[in-house]
1. Which residues, counting only those in the range 140-155, are assigned to a helix (DSSP H, G or I) and in contact with a Pro (Cβ under 8 Å, 6 or more places away or on another chain)?
2. For the range 81-92, give me each residue that is under 15 Å from the mean Cα position of the chain (by Cα) and of a type in the set (Phe, Trp, Tyr).
3. Take residue 95 and decide whether it is crowded, with 24+ Cβ neighbours inside 10 Å, assigned to a helix (DSSP H, G or I) and over 14 Å from the mean Cα position of the chain (by Cα).
4. If only one of 385, 377, 361, 316 is modelled with pLDDT of 95 or more and in contact with a Phe, Trp or Tyr (Cβ under 6 Å, 6 or more places away or on another chain), which one is it?
5. Looking at the range 350-372, is at least one residue in a helix (DSSP H, G or I) and in contact with a Pro (Cβ under 8 Å, 6 or more places away or on another chain)?
6. Is it the case that residue 391 is of a type in the set (Gly, Ala, Ser), more than 20 Å from residue 211 (Cβ to Cβ), in contact with a His (Cβ under 8 Å, 6 or more places away or on another chain) and assigned to a helix (DSSP H, G or I)?
7. Looking for whichever is crowded, with 20+ Cβ neighbours inside 10 Å, in contact with a Cys (Cβ under 8 Å, 6 or more places away or on another chain) and at pLDDT below 95 here; the options are 238, 228, 300. Which one fits?
8. Take residue 206 and decide whether it is of a type in the set (A, V, I, L, M), assigned to a helix (DSSP H, G or I) and surrounded by 15 or more Cβ atoms within 10 Å (Cβ to Cβ).
Amino acid sequence: MKPTDTGIARPRKAPADAGSLATPPEHSPDGAAPGPSAGRVLQVDVLRGFALLGVLLVNAPVIAGAWNLGSQPGAAFTDRFATWLVAALFTSKFYLLFSFLFGYSFTLQMRAADQDGVPFAGRHGRRLVGLFLLGLAHAVLLYPGDILMTYAVLGLVLFAARGLRTRTVLCGAALLILFLTAVFLAVGVVALTLDNPGQDTTTAAVARDAAAYRGDPSSVVLTNIRMYRVALGGAVLYSGHLLAAFLVGLAAGRHRLLDRRGGPARAVTKRLMVTGLLIGTPGSVFAAMCACGPLDSRLYYVGQAADILTAPALATAYGCALLTLLQGRYGPWLHRILGPAGRMSLSNYLAQSLVLAAVFTGYGLGWYGRVGPAVLTGGCLVLYTLQLVVSAWLMARFRYGPAELLLRRVTGGWSGFSPARRNVPTV
């Protein structure tokens, strides 16, 4: 599901993504111990650690009830700018990056199962069940924009596609993006014929949600369940975007594009970065202008169509920019800073929702709808920095984060607790 999106019906004042995951919801390079062994694909971990920031910035306004505050009459310039910036630079890009890495890791898991001499189907199936149950708990207790359940279901499709030729896989990904673009464009054309669709209930609905999320824990849970039911249509629709990224990751993993130290050739990553920026930036800017102004909000779905079509290019540019930096003088530093967070990205993803829920819902302070986008963005940067520090401390001592440990227990791929200096499989 697109982490912040709540369905095909036109959103209240066109929010940014509500999720990575709708707006929709997964390794020290010098080999010094303690730390991950050479068995891990370091580039995958660093990319995951980087993507966590984008996921946080996109999900936070929804959990905090701040997604519409930057577009209200009289909103401060800083709030308007923060809302617009997140919509233009982060929405739809980082859940695609995570989804690409999920597809890439699928190939690593297949190789690991083959090396271990165990059937991949059973291990993969148990992993998907574990992801689904974690996602269900996440959606009910913390954040209805959860992406893990969508990942679990699409993981079955990915398994079915594993035997297809690479060209077929890439053509399928392209067709999915084109189809989804056409659907949103058609919806956008219809929306242009309507007069302010849905606006008459916006104020009442926002007030109702705010009161519910500021209530006691049972009120939060019941509201999450209701919001997930509303968001389910959007989750199904945006799943095509996620599946396309899965398939591209599958194709890249087959050719081990990230397995080599430093990743693909630097000249290739630079060309992809420039091309992705040229294609992706105009579409993202247009989508943000439709969602957050100054263009007519009735163009929201037309903007979403443009974003769906061009967001993969901008996500590719982001990933290639980071890979280019990894191949330069800052590579070792980035590995040390971002790699540990990427190794426990599932734990960090869930922890982000836990902290935000404790601050903004009835679980804790109950500040839902009371913090503007600018302050919230600053708070997200602080939270992300803390996650980098905590992740580095944990991964220097242990092999897995808490959620990763639990998931490996479910898959049966690990026999017990062990320190970080032991060998780590490439999964």
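The values are calculated or read from the model by the stated rules, or taken from the named source; none is laboratory data. If you're wondering where the values come from, they're calculated on a predicted model, not measured in any experiment. Positions of Cβ are generated from backbone atoms using ideal geometry, with glycine treated the same way; all protein chains shown enter the neighbour counts.
1. Within the range 140-155, 148, 150, 151 qualify.
2. If the condition is that a residue be under 15 Å from the mean Cα position of the chain (by Cα) and of a type in the set (Phe, Trp, Tyr), then 90 is the only one that fits.
3. Answer is no for this residue.
4. On inspection, the qualifying residue turns out to be 361.
5. No, every residue in the range 350-372 fails to be in a helix (DSSP H, G or I) and in contact with a Pro (Cβ under 8 Å, 6 or more places away or on another chain).
6. Criteria not met by residue 391.
7. Going through 238, 228, 300 in turn, just one is crowded, with 20+ Cβ neighbours inside 10 Å, in contact with a Cys (Cβ under 8 Å, 6 or more places away or on another chain) and at pLDDT below 95: 300.
8. Yes: the conditions hold for residue 206.
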